[in-house]
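Below is one structure; the comments refer to it alone.
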Amino acid sequence: MPKPVDEFDWIASLRGLTRGDERALDLKDDAAVIPGRPGFDLVISKDAIVEGVHFPEGEAPDVIARRLLRTSLSDLAAKAAEPFGYLLLTAWPPGQDDAWRAQFRGGLESDGEAFGVALLGGDTVSTPGPLTLSATVLGWAEAGRAVLRSGAFADDALVVCGPIGDGWLGLMAVRGEIEDPDGALAKHYRLPTPLLALRAPLLAHARACADVSDGLIADSCHVAEASGLGLAIELADLPLSEGAGRWLAGQTDEAASRIALASGGDDYALACAIDPTRAAPFIAEVEALGVPARVAGSFVSAPGLMVTVGSRRVEPDRTGWRHSDRTAGR
């Protein structure tokens, strides 16, 4: 049996992850103290991931840590918020020894530096399993300017930023169910990039936004519903990566395949409501930052959902991932 890891030794090993941020109190207290920032709102989001549900059993510990941070930070990206810190919960089952936890810590350190976020505190507990992790991420948004889900207007364009379907295809690649010759799909699933770089275009143009974690159709519907609107989405206009395009070209039922791409989830793209007269400059600014973007529908005054593929209406059998869809890895 692995030697039990002392809780306080583990906490002490995390002190370097505070990146010297005084708000963390060197992890020697049981709270963080965050002073207000004049002219800014504090934006907070919490996410949890569970082994065998949100990532496959046996995944590398550093990858798990980085995936936890990245998927959590995607919520702040959708709000056009600038992240600065996070709180961490770790619920360890038997088996995560010192070496495993050191690799996990290394993943947190790597992406903490990459995205400029400091560990401010949290909690660590034991569990009979499975491994369960949670991050509460914190960021600043200019006062009154956080981009919410509820700001869309009727006739706004649905602009999708980032490739759609790579998360779902990436999970299949990780399982060995599809070919992934350059490993790009598996990498997207394991280590999605939160689109924090789009803060300026979002602040300049977006009326509403949601990150695409559960599936493009479902998350775009969340924006529509929060705004008291309906949604018309054209799946022939999705931004697709080379890997997704290659997979799609090999399928016999294009409509069903595009529905699968748009409902699979784990893309961490952004679904935005943009004044149609500003869609072109918004897309140009987003693509100048290296992120593909396309108009893929519109928000409409009548409630409900209309899905088309090449102007042909289709009825999706699902719009996104739900927690009742318990499968290994997602």
Theoretical gain in end-to-end length, residue 50 to residue 203 [0.36 nm per residue, Cα-Cα removed]: 51.8 nm
Whole-Å semi-axes of segment 83-239's equivalent ellipsoid (Cα gyration tensor): 32, 22, 15
Charge-dipole axis of the chain as Lys and Arg at +1 and Asp and Glu at -1 on Cβ define it, positive-most pick from 167, 12, 147: 147
Span from the segment 102-116 Cα centroid across to the segment 117-196 one, whole angstrom: 16
Expected 222 nm ellipticity per residue - DSSP helices of 4 or more, -39500 (n - 2.57), all of the chain, to 500: -9500 deg cm²/dmol
For segment 81-136: rounded, prolate or oblate by the Cα gyration tensor [a/c cutoff 1.5]: oblate
Gain upon complete extension [residue 82, residue 306; 0.36 nm per residue less C-alpha separation]: 77.2 nm
Segment 179-330: relative contact order in percent, alpha carbon pairs under 8 Å with at least 6 residues between: 38
Segment 198-330: C-alpha gyration tensor shape, a/c 1.5 cut-off, then a/b vs b/c: rounded
Cα-based shape type of segment 179-260, given that a ≥ b ≥ c are square roots of the gyration tensor eigenvalues and the cut on a/c is 1.5: oblate
Solvent-accessible surface ranking, highest first, for 30, 166, 41, 182 at 1.4 angstrom: 30, 182, 41, 166
Farthest toward positive dipole pole in segment 127-265 [+1 Lys/Arg, -1 Asp/Glu at C-beta], among 181, 228, 204: 204
Alpha carbon convex hull of segment 75-170, projected area averaged over orientations, nm²: 9.2
Environment charge of residue 80, counting only residues whose C-beta is closer than 10 Å and scoring Lys/Arg +1, Asp/Glu -1: +1
Separation in nanometres of the label points that stand 7 Å from Cα toward Cβ, at residue 249 and residue 277: 4.1
Heavy-atom accessible area ranking, 1.4 Å probe, most first, across 221, 209: 221, 209
Solvent exposure ordering (accessible area, 1.4 Å, most first) of 97, 21: 97, 21
Debye intensity ratio I(q)/I(0), log10, the chain, q values 0.07 Å⁻¹ (C-alpha model): -0.29
Around residue 307: net Lys/Arg minus Asp/Glu count, Cβ-Cβ under 15 Å: -3
Cβ-derived FRET efficiency at R0 25 Å, residue 150 paired with residue 42, nearest 0.05: 0.85
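The values are calculated or read from the model by the stated rules, or taken from the named source; none is laboratory data. In this text, all values refer to a predicted model and were calculated from it rather than measured experimentally. Cβ: placed from backbone, ideal geometry, glycine included. Neighbour counts: every protein chain shown. We work out accessible area using only protein heavy atoms, side chains counted, and drop any ligands, DNA or RNA first. Shrake-Rupley method; radii C 1.70, N 1.55, O 1.52, S 1.80 Å.
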